[in-house]
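Chemist: Encoded as structure tokens, here's the structure I'll be asking about.
The values are calculated or read from the model by the stated rules, or taken from the named source; none is laboratory data. Since we're looking at a predicted model, the values are computed, not measured. Cβ atoms come from the backbone with ideal geometry, glycine included; neighbour counts cover every protein chain shown.
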Amino acid sequence: MARLMAFDFGTKRIGIAVTDPLQIIATALTTIHPKDVIDYLKEYLLTEQIETFIVGEPKQMDSTPSESARHVEAFINLLKKQFPTIPIDRMDERFTSKMASHTIANSGLKKSDREKKGLIDSVSAVIILQSYMEKRSFGF
């Protein structure tokens, strides 16, 4: 079985999370600069199979697209162009950064480790991926 891969897109950093091959556990993979993401994915796909990309979809409280939605759309189009055989799903990412910050604060990590900006992005990607897997398991 192939893995699922989720992205928390940002213009400065992209958090990436993956499942295990059985698609049971979501794990933070890395945080990477947007300009390096395609090369990273090409290298990753040489050794791992991805069933679906899941991209966090930024929305306002009223479910309309947020200001960063246009950047996410450009990223999705880039993924489609570079990896046309891998389907892409979207997952609402509202509150993931707050949930990630809360999780990190309660993790027991040293303060210097908790303040690493990329950590929030990778944990947010895990939350997006876990939410996607839960939604899928309920048949949505």
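Chemist: Within segment 112-133, restricting attention to residues that are over 9 Å from the mean Cα position of the chain (by Cα) and at pLDDT 85 or above, which residue is nearest to THR27 (Cα to Cα)?
Modeler: GLN130
Chemist: Is it fair to say LYS42 is farther than 15 Å from PHE83 by Cβ and out of contact with any strand residue (DSSP E or B) (no Cβ under 8 Å at 6 or more places or on another chain)?
Modeler: In short, no.
Chemist: Then there's this: What number of residues within segment 81-97 satisfy the criterion of being assigned to a loop (DSSP other than H, G, I, E, B) and at pLDDT 95 or above?
Modeler: 5
Chemist: Considering only segment 14-28, state which residues are in contact with a Ser or Thr (Cβ under 8 Å, 6 or more places away or on another chain) and either without any contact (Cβ under 8 Å) to a residue 40 or more places away in the chain or surrounded by fewer than 19 Cβ atoms within 10 Å (Cβ to Cβ) (or both).
Modeler: Selection gives ASP20, ILE25, THR27.
Chemist: So, of the residues in segment 1-60 that are in a loop (DSSP other than H, G, I, E, B) and of a type in the set (Gly, Ala, Ser), which turns out to be nearest to the chain's Cα centre (by Cα)?
Modeler: Residue satisfying both the conditions and the ranking: GLY10.
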